[in-house]
Amino acid sequence: MIRVFKSIPEWIGFRNSATLEGKRLGFVPTMGALHAGHAALVERSHSENEATLVSIFVNPTQFNDPRDLEKYPRTLEADLDLLERAGADCVLYPEYRELYPDGYRYRVQEGELSRLLCGAHRPGHFDGVLTVVLKLLNIARAARAYFGEKDFQQLLLVKEMAEAFFLPTEIVPCKTVRQEDGLALSSRNARLNPGQRAQAAEFARLLGSGLPASEIRSRLEALGFAVDYVEERFGRRFGAVKLGEVRLIDNVEI
Ligand code: PAF
C-alpha cells in the first residue's frame, strides 16, 4: 500500500525511521497529471532502488504565466492509482507554505544555460525549477533522482546544480516516452482539443526530420503553430511551440 505524506516533517520522520534507515531510495519529482512517461521513471526507480518516493507539487514559482498555472491539470486520485501500479512506495504531496516557508525570498539562480531556449521565453522559469528541485532533493535524501529527457534543458541544469552544490543524489536521465505518432508524452497534452492533438504530431515529426532548423520553423508556422524556437545545441534539436494556449516542448538527438 502506497503511503501519502502531506506534511514534510512527517515524511522526514518516516525517512529517518527503521523502515527506510539504510535503504537505497529512488526519487521522482513530479507536478502530477501523471502519464506513462512518469510511470516509466517510477518503474525504473523501483527496479534500481529499495524504495521509491514520488513528489506531487504544482510549483507556482516556475510558472511565468498565471493562466498556465491555473489551468495545469490536477488529477490526484488517478495519479495515486498510476503510482501504485508503477511500484512507488511513498508520495510526498506538500503545500506551498510548507515548501516555501521563506515565501521564495531564497532562490537558486543560474546565469547562463537557464537564459537560453525555454529560459529566453519564460523569464524566471528555471529559477523556480532549480529552487524547488533543490528543496525536494534535500527533503527526499535519495540515492538517485530520475528526470526525463523531454525536459532536456531542465535535466542539464539539475545535473549541473547537483554538481555545483555537491549534492549526494545521483541525477539519472531517462529517455522520452512517445505516443505511436511520435508526440512526446506531456501532462499538457491533456489540454489539447482533438484537432490540436492530431496537429501536435506534426511538431514531433518535423523536429525529428533531417530538415534545417529554419525550414522546420517555417513549416511549423505554415501549419498554424506559434513557434517560440527551433534551435540546435548540445548535439540536439530543441523546439517549443504553442497550439492555442497550450505550449509544447520537445527535443531529439541529431
Ligand atoms: O518536470 C517537472 O515536472 C517539474 O519541472 C519538476 C522537476 C517536478 C519541478 O517542479
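Segment residue 254..residue 231, full-extension length gain: 7.1 nm, with 0.36 nm per residue of separation and the alpha-carbon distance subtracted. Full extension of the chain between residue 21 and residue 116 yields a length gain of 30.1 nm, computed as 0.36 nm times the residue separation minus the alpha carbon distance. Just list whichever of 6/150; 23/175; 23/135 have alpha carbons separated by over 23 Å in the model shown. Checking Cα-Cα distances, 6/150; 23/175 exceed 23 Å.
Distance between the pseudo-spin-label points of residue 14 and residue 170 (7 Å out from Cα toward the beta carbon): 2.5 nm.
Remind me, relative contact order of the chain in percent, using alpha carbon pairs under 8 angstrom and six or more residues apart? Averaging sequence separation for qualifying contacts and normalising by length gives 19 percent for the chain.
Could you please state how large a percent of the accessible area of the chain is carbon and sulfur, counting protein chains only and using a 1.4 Å probe? Answer for the chain is 51 percent, counting heavy atoms of protein chains only.
Computed about its Cα centre, the charge dipole of the chain is approximately 160 debye, with only Lys, Arg, Asp and Glu carrying charge at their Cβ.
Using +1 on the beta carbon of Lys and Arg, -1 on that of Asp and Glu, and nothing else charged, what's the dipole of segment 18-168 about the Cα centre, debye to 20?
That gives a dipole near 220 debye.
Antiparallel beta bridges, as assigned by DSSP with both residues in the chain, represent about 45 percent of the total such bridges.
Averaged per residue, the chain has 48 square angstrom of accessible surface, using a 1.4 angstrom probe with ligands and nucleic acids left out.
The values are calculated or read from the model by the stated rules, or taken from the named source; none is laboratory data. Please read these numbers as outputs of a predicted model, since none were measured by experiment. Note that each Cβ is placed from the backbone with ideal geometry, even for glycine, and that neighbours are counted across all protein chains shown. Just the protein is used for accessible areas: all its heavy atoms, side chains included, with ligands, DNA and RNA removed. Shrake-Rupley method; radii C 1.70, N 1.55, O 1.52, S 1.80 Å.
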